[in-house]
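Q: Could you have a look at this structure, given as structure tokens, before my questions?
Nothing in this text is a laboratory measurement; each read-out follows from the coordinates by a stated rule. Just so you know, these numbers come straight off a predicted model, no measurement behind them. Note that each Cβ is placed from the backbone with ideal geometry, even for glycine, and that neighbours are counted across all protein chains shown.
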Amino acid sequence: MNPGDIAWLLVSAALVLLMTPGLALFYGGMVRIRHVLNMLMMNLVAIPIVTILWVIGTYSLMFDEAGNPLLGGLGAAGLAGLGTTALVGSALNLMFAIITVALISGAVADRMKFTAWVAFAAAWSLIVYPLVGRSLFYGGGVLRELGAQDFAGGLVVHVSAGVSAIALVLVLGPRRSHRKEPIRPHSLPLTMIGAALLWFGWFGFNAGSAGAAGETAVTAFMATQVAAAAGMAGWLALEWRLTGSPTLLGAVSGVVAGLVAVTPAAGYISPVSAMAVGALGGLAAYGAVRMKHRFPFDDALDVVGIHLVGGVVGSLLVAVFANSSFGGSADGLLAGSAGLVWPQVASTAIVAAGAFAMTWVIAKALDSLIGLRVSDREELEGLDLSQHEESAYSPE
Amino acid sequence: MNPGDIAWLLVSAALVLLMTPGLALFYGGMVRIRHVLNMLMMNLVAIPIVTILWVIGTYSLMFDEAGNPLLGGLGAAGLAGLGTTALVGSALNLMFAIITVALISGAVADRMKFTAWVAFAAAWSLIVYPLVGRSLFYGGGVLRELGAQDFAGGLVVHVSAGVSAIALVLVLGPRRSHRKEPIRPHSLPLTMIGAALLWFGWFGFNAGSAGAAGETAVTAFMATQVAAAAGMAGWLALEWRLTGSPTLLGAVSGVVAGLVAVTPAAGYISPVSAMAVGALGGLAAYGAVRMKHRFPFDDALDVVGIHLVGGVVGSLLVAVFANSSFGGSADGLLAGSAGLVWPQVASTAIVAAGAFAMTWVIAKALDSLIGLRVSDREELEGLDLSQHEESAYSPE
Amino acid sequence: MNPGDIAWLLVSAALVLLMTPGLALFYGGMVRIRHVLNMLMMNLVAIPIVTILWVIGTYSLMFDEAGNPLLGGLGAAGLAGLGTTALVGSALNLMFAIITVALISGAVADRMKFTAWVAFAAAWSLIVYPLVGRSLFYGGGVLRELGAQDFAGGLVVHVSAGVSAIALVLVLGPRRSHRKEPIRPHSLPLTMIGAALLWFGWFGFNAGSAGAAGETAVTAFMATQVAAAAGMAGWLALEWRLTGSPTLLGAVSGVVAGLVAVTPAAGYISPVSAMAVGALGGLAAYGAVRMKHRFPFDDALDVVGIHLVGGVVGSLLVAVFANSSFGGSADGLLAGSAGLVWPQVASTAIVAAGAFAMTWVIAKALDSLIGLRVSDREELEGLDLSQHEESAYSPE
Amino acid sequence: MKLIVAFLKPFKLDDVKDRLQRLGVTGMSVSEVRGFGRQAGHTEVYRGAEYTVDFVPKIRIEVIASDEITPAIVRAITEAGHTGEIGDGKIIVMPVDEVVRIRTGERGEDAL
Amino acid sequence: MKLIVAFLKPFKLDDVKDRLQRLGVTGMSVSEVRGFGRQAGHTEVYRGAEYTVDFVPKIRIEVIASDEITPAIVRAITEAGHTGEIGDGKIIVMPVDEVVRIRTGERGEDAL
Amino acid sequence: MKLIVAFLKPFKLDDVKDRLQRLGVTGMSVSEVRGFGRQAGHTEVYRGAEYTVDFVPKIRIEVIASDEITPAIVRAITEAGHTGEIGDGKIIVMPVDEVVRIRTGERGEDAL
Ligand SMILES: Nc1ncnc2c1ncn2[C@@H]1O[C@H](COP(=O)(O)OP(=O)(O)O)[C@@H](O)[C@H]1O
Ligand SMILES: Nc1ncnc2c1ncn2[C@@H]1O[C@H](COP(=O)(O)OP(=O)(O)O)[C@@H](O)[C@H]1O
Ligand SMILES: Nc1ncnc2c1ncn2[C@@H]1O[C@H](COP(=O)(O)OP(=O)(O)O)[C@@H](O)[C@H]1O
């Protein structure tokens, strides 16, 4: 591998790692002051859990040549025997695995036992992630064989995290104060800092998924920027029209929605298509978040509205906008081919159903084994004190 | 283009994108608590506005081969037909266009209608930026033909944003509380976070302007670091002497002043010259900020003192310190040539006069069309509630 | 030098620069509200001090070919005559020199005169750093001749900063409120932001120390990630067991401890060894911090417990885990060779003793010349007002 | 005229406010205090060191009221602020000489 | 001796302070409160959901004063704190038994 | 029953609390205020411009106490809060009509 490609992949891996604390801050700003540290900790602790399991076995389960199309063998356990190309790829993929688990934490804010989260994160990242990941990121993966295209993880990361969030909160139940009292973000500047790091890191996420510093990386980079911008524009436009006010929380949420939507398509589309994908992602996510009160679960920080909806929209739009003259090998409807429609629809449905079912089983099992929820008193007192015995801010 | 150069330009583009949220935080920490989100939003919203216009047409107006020396044609509208080299350059240049608009927002803090800002940002970025930019960044641009040297945008970015800030606040008028009550920064740690991201991003801004990962990039990188450091040293030394206290706000302001000053020169000068440029930038900016009460306009967060003054100082110092043995093709006074004096003086004057005039016309037009200012009551209540219906912090 | 390597080293230098404001925020969140800006300023001001001295002479003292094994000549003063390879190396090494000084500031929080800190930082960075640095980072350095291995500065950066912290606080004395009143961190989210930037930057620190974007960089990158994760896991596991609560401050402290421990070894070890090194670093640092009350000095923010202990552990573990099949040229005990034991033990002891002695002399000299400490009243009132005449937060 | 001051558990504020509104109380002022009392503070842990935080966050409400309605207000706060656990807080009633509404200059009960 | 407590619109603090200083008042203490009253709170929007924030930020000032000057102080606050719009706030005057200056131990009016 | 309110230098809070505890006081409530008085505020500098911050941070404590113990409390605060420098603050003693403990409904001295 040439130094330019190595440099780009190392940078990308560092950028994607940064997204997880970025996400922690993004979420952390949105919760109330007595639950802040717990939110930061759920994200932070995903890093050692996923990293250690990755070295021990997840990488091997996901990418080992031996094994079957569903799961790899344990030949690469301990990351043994990886050459430079494989090792740098493993580093980048590790960072994807981390943030996928971390994304789910936004849904369970303010009420989940920290021990239960640790156990959940470990189980999810060892079982659900490699199964979904191998199906799309590994050469002979089953959904890839179906013809599904998922450039940087719209399905593997966002759809799987989004449906898993539903499954988990269905078992966990809603926050005590859900729909009873207003729950305002304690610090939007903190959320803004997180959003900045997410956006910055997403360039590594998408353009790093090209696997080299070449044409596809540049295509993906530009698509990422344009879709993020269009996502913000889409969300703000609709919000402004419907509520009369363009909000900061809306702006950064729209950015994330645009980024999610372009993730599966980034390396395959023109800048103009990226604008459409991002805008549709932002609009759809705003619509979903606005209608969330109709759904019978409490997804505290809108993992579903933004990541599941954005991911589904993006995955389906691959079948519309993919254009092999910009990258990739398949064409979508606008390039005159309907060949992607079925693979994209089917793979989205399969990932959603599969991740939902597995997560529900894990959540149920953990709930009966150790209990997922803190007591009412702990929830009232705040998870920072009850789970971590510390306070986010001290005014003295 | 080789992978190493692509990697470096992609990284640089990501770094420069990060500067805009960095600037938002830098400015956001300086305003009072009830105007924070509006400040963040003015910066954030510059991103979709400039990005979408860029794809549609600004890029083409600025860089299209067709067209005339002042404005390009629309051949590259939609970024159509760009090869990898052009596309990665377009991505990097887009990020410059974004932050230039965002810089202006600091001057208008706490009193501008958000709708008016949106309209202003769109008009400015579609009219003023490509005209100034083409004159210096495009091969056959008129000021470039004159022999002017602007390595990374001292004129295109900082001088043009700085004079535009004056024009805009002259039309907008001062904050109600200007010179009546003390206006203290609500969170200097937030400003510090912004400064950190700005400094970090500026390596992409300057060393990325080399266009490749080679000798000039390294020269520019070192000059950037040294000038930022010297800018802080210069500001702090003078401030310490005159007020008795070296402040954090002074330190980070000095950093930005040093960075601004070195921007037009970064790829042309030795590390020792960079020290002089940075220090002079810091000293001049501190002097300007200290004397700002003499000027009949309210530039709230010192866009003029720092970006205009720093940019002018830096652009003129190119004529002193440029040395073709470090990079570039022209020599300054210290290298024995007076050939740069006239081009630098003239181009600085032309950019300043041109951007001022165009911005004043845009501001006047918008003021009569939609009104630039919020009502007194909205200003008193805070722009966060009145423009965005949300609050930065919630103490519960 | 090829563009890929240049790109990687420029990125690494930018990443390591970012670590210093990152450290400022990490430390800044931990102090009380009236000392925040002083903590940020001690870190910030290290940048111009070290940078300016570096250009003038420190670089030359450390790396000039002329001179003797202890100190270089002044042939490279002003960074004169450096080619591209040397200049980019100089940029990266400059960033290391900056953060090393900044690290010490954590120990002296809340009580040191700002003038004294400025003088101390200058003296330390001009005298102690190049002596220690040349011994290990320069081709013919004395400890390198001994066979000592210090991949990215476990000794040069962490051990030297850690022992210097002890020397300095012994002369400075404890905070007035030390062991009298609880001193709680004023903002753990701020500390978290700092930790995120530190972790991100550390990829440049370690993988950039490979000097090129090749195999060793990839090895070091993966080791860095795994050790950081294992450091967090180690600290949290022990803390959870002993106090009943896994804390955020513990999590980020464990990350830093793991990163410190892997620094001297990063380019020489397998991912599995990195897991051991990180975990041992985290465990040892937690143990040290927990026992700090037994020691008769007030190291306010645990520079000793984390950087000295982590650095010593890491340097000694090189002799255990180094494996030339992963990088470097020497093997440790597990690879069947005891040859590193003596060089690692001896060099650790020499660096610790030497840096301690020199720092103690500098501290004593400055204390009698200008006095190190603020008055009791200034300490009570807070260093932000007394040293900088500004306040971190304004609630209006 | 009386000034009724109460120290409450923070999460009881909404209940108390609702009850007072139902009683016809049209105004009150609320601030945060740190309470010290029988209710134990909590422990916090930072890098393994434990700190006892003596003070417990409480809400302080102030209600100006006519003499007649004061007993009803005290009763309402006692009921709505009650959890039965240590730390529920206190109510004090204090005499007031005069009340003025700044907007109109009205005095006494008219000012409420 | 009286304690005068007033709830004010935050931006009126400077005017009130200036007027009291001109009256010869040498001290006061100020804190932030959240006021509930006739003045409506505002709406906030987060991700499209609207929240009504009932409480309005107010400033609470306390002035200890001799009986003689108290009416003048009340008048000064009424005037300087006045905008004429709903939410201008209230002033209450309360009896004080004793005042002590901690620095000197002086009592009564000497303590002011 | 009395309400004792004191404005103190912030760093004196711990001393005062300890002294009151030794006197047998079992509860108090504490809040932050900005004090204006003889003690001069400080100067702050931002980008070379100087601002005078008139207000000095103070701690406000409130103690409800029986009539008998009130003089001892006032004495204790006067002593423990004393530095002898300008800005040590004031103590005021105010009459209280009634005290209620929310948890039990107890009234008067039983409520303390
Ligand atoms: N003597 C007192 N003076 C002022 N405030 C008090 C006093 N005693 C208690 N408080 C306030 O009431 C709160 C609850 O008191 P506490 O003794 O903990 O419980 P309870 O009232 O249920 O016996 C305290 O946190 C404090 O704010
Ligand atoms: N009964 C009351 N007790 C305590 N504070 C009150 C009371 N009524 C009003 N206030 C305070 O005065 C403020 C203004 O009252 P409001 O009813 O809104 O306007 P106005 O005084 O102009 O009629 C409130 O926000 C609150 O802080
Ligand atoms: N008349 C007053 N009414 C209310 N609070 C006062 C008054 N005078 C002083 N204070 C409070 O007491 C504090 C100390 O007063 P100051 O005049 O500075 O010092 P000293 O009490 O030592 O003479 C002030 O900051 C303020 O909080």
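Q: About its Cα centre, how strong a charge dipole does the protein assembly as shown have in debye, to the nearest 20, once Lys and Arg get +1 and Asp and Glu get -1 at the Cβ?
A: Roughly 760 debye for the protein assembly as shown.
Q: Classify the range D:2-111 from the C-alpha gyration tensor, please: rounded if a/c falls under 1.5, else prolate or oblate depending on whether a/b exceeds b/c.
A: Cα axes put the range D:2-111 in the prolate bin.
Q: Can you give the FRET efficiency for B:Glu381 and B:Trp342, using 1/(1 + (r/R0)^6), R0 = 51 Å, r = Cβ-Cβ distance, to the nearest 0.05?
A: The formula returns an efficiency of 0.50 here.
Q: Using a simple charge model, +1 on the beta-carbon of Lys and Arg, -1 on the beta-carbon of Asp and Glu, nothing else, what dipole does the range A:98-199 show about its Cα centre, in debye to the nearest 20?
A: So the dipole magnitude of the range A:98-199 works out to roughly 440 debye.
Q: Placing +1 on the Cβ of each Lys and Arg and -1 on the Cβ of each Asp and Glu in the range A:3-386, which of A:Ala276, A:Ile56, A:Pro174 has its Cα farthest towards the positive end of the resulting dipole?
A: A:Pro174
Q: Amide H to amide H under 5 Å from E:Glu98: which residues, 5+ apart in sequence or cross-chain, H placed 1.01 Å off N in plane?
A: When sequence neighbours closer than 5 places are left aside, the close amide H contacts are F:Val93.
Q: Give the distance, in whole Å, between the Cα centre of the range D:1-44 and the Cα centre of the range E:27-75.
A: The distance from the Cα centre of the range D:1-44 to that of the range E:27-75 comes to 16 Å.
Q: Of the candidates C:Leu380, C:Leu317, C:Leu17, which one comes out as most mobile in a Gaussian network treatment of chain C with C-alpha springs shorter than 10 Å?
A: Between C:Leu380, C:Leu317, C:Leu17, it is C:Leu380 that shows the largest mean-square fluctuation.
Q: Count, for each residue of A:203-215, the Cβ atoms from other chains sitting within 10 Å of its Cβ, then give me the mean as a whole number.
A: The shielding value for this peptide is 4.
Q: Here is a follow-up. For the ranges A:361-372, A:232-243, C:237-248, B:215-226, what's the packing order if you count other beta-carbon atoms within 10 Å of each residue, average per peptide, and put the highest first?
A: B:215-226, A:232-243, C:237-248, A:361-372
Q: Of the residues A:Ile350, A:Ile98, A:Ile306, which exhibits the maximal mean-square fluctuation in a Gaussian network model of chain A defined by a 10 Å Cα contact cut-off?
A: A:Ile350
Q: Could you work out the relative contact order of chain C, using alpha carbon pairs under 8 angstrom and six or more residues apart, expressed as a whole percent?
A: 23 percent
Q: Also: Going toward the positive end of the dipole of the range F:2-111, with +1 on Lys and Arg Cβ and -1 on Asp and Glu Cβ, which of F:Met28, F:Tyr51, F:Ala65 do you reach last?
A: The Cα lying farthest towards the positive end belongs to F:Tyr51.
Q: Using only atoms on other chains, find how many Cβ atoms lie within 10 Å of each Cβ of peptide C:220-230 and report the average.
A: Mean number of neighbouring Cβ atoms from other chains: 6.
Q: Could you compute the FRET efficiency for B:Leu369 and B:Glu65, with r as their C-beta to C-beta distance and R0 at 60 Å, rounded to 0.05?
A: 0.95
Q: Cα centroids of the range B:363-380 and the range C:253-282: how far apart, whole angstrom?
A: 57 Å
Q: Could you list the square roots of 5 times each eigenvalue of the Cα gyration tensor of the range C:3-386, that is, the equivalent ellipsoid semi-axes, sorted largest first and rounded to whole Å?
A: So the equivalent ellipsoid measures 30, 25, 19 Å along its semi-axes.
Q: Extending each Cα 7 Å along its Cβ direction at C:Thr84 and A:Ala86, get the distance between those two points in nm, one decimal.
A: With each label point 7 Å from Cα toward Cβ, the separation is 3.4 nm.
Q: So, one more: Using label points projected 7 Å from each Cα along Cα→Cβ, tell me how many nm separate C:Arg179 and F:Asp97, to one decimal.
A: Simple spin-label model gives 5.4 nm for this pair.
Q: Using a simple spin-label model with points 7 Å from Cα along the Cα→Cβ vector, what separation in nm is obtained for A:Trp240 and E:Thr43?
A: Simple spin-label model gives 1.8 nm for this pair.
Q: Would you give the gap between the C-alpha center of the range C:284-308 and the C-alpha center of the range B:1-60, rounded to a whole Å?
A: The range C:284-308 and the range B:1-60 have Cα centres spaced 41 Å from each other.
Q: While we're on this one: Binned at 5 Å from 0, what are the whole-percent values of the Cα-Cα distance distribution for the range A:1-126, short to long?
A: 2, 11, 19, 19, 17, 14, 9, 6, 3, 1
Q: State, to one decimal in nm², a quarter of the convex hull surface area for the C-alpha atoms of the range B:84-168, i.e. the direction-averaged projected area.
A: Seen from a random direction, the Cα hull of the range B:84-168 projects 6.0 nm² on average.
Q: Would you please classify the overall shape of the protein assembly as shown from the alpha carbon gyration tensor, given that a ≥ b ≥ c denote the square roots of the eigenvalues, rounded means a/c under 1.5, and beyond that prolate means a/b larger than b/c while oblate covers the rest?
A: The shape class here is rounded.
Q: Whose amide H sits under 5 Å from the amide H of E:Lys90, counting only residues 5 or more places off or on another chain, with H placed in the peptide plane?
A: D:Ile102, E:Phe7
Q: So if we plug the beta-carbon distance of A:Leu146 and A:His293 into 1/(1 + (r/R0)^6) with R0 = 25 Å, what FRET efficiency do we get, rounded to 0.05?
A: Efficiency for this residue pair is about 0.10.
Q: Would you mind classifying the range A:122-220 by shape? Square roots of the alpha carbon gyration tensor eigenvalues, ordered a ≥ b ≥ c; an a/c under 1.5 is rounded, otherwise it is prolate if a/b is larger than b/c and oblate if not.
A: Oblate, since a/c reaches 1.5 and b/c is not below a/b.
Q: When chain A is treated as a GNM, springs tying every alpha-carbon pair under 10 Å, which of A:Phe321, A:Phe295, A:Phe200 comes out with the largest mean-square fluctuation?
A: A:Phe295
Q: Give me a single rounded figure for E:69-82: the average over its residues of other chain Cβ atoms within 10 Å of their Cβ.
A: 2
Q: So for each of D:103-112, B:181-190 I average, over its residues, the number of other beta carbons within 10 Å; can you give me the resulting order with the highest mean first?
A: B:181-190, D:103-112
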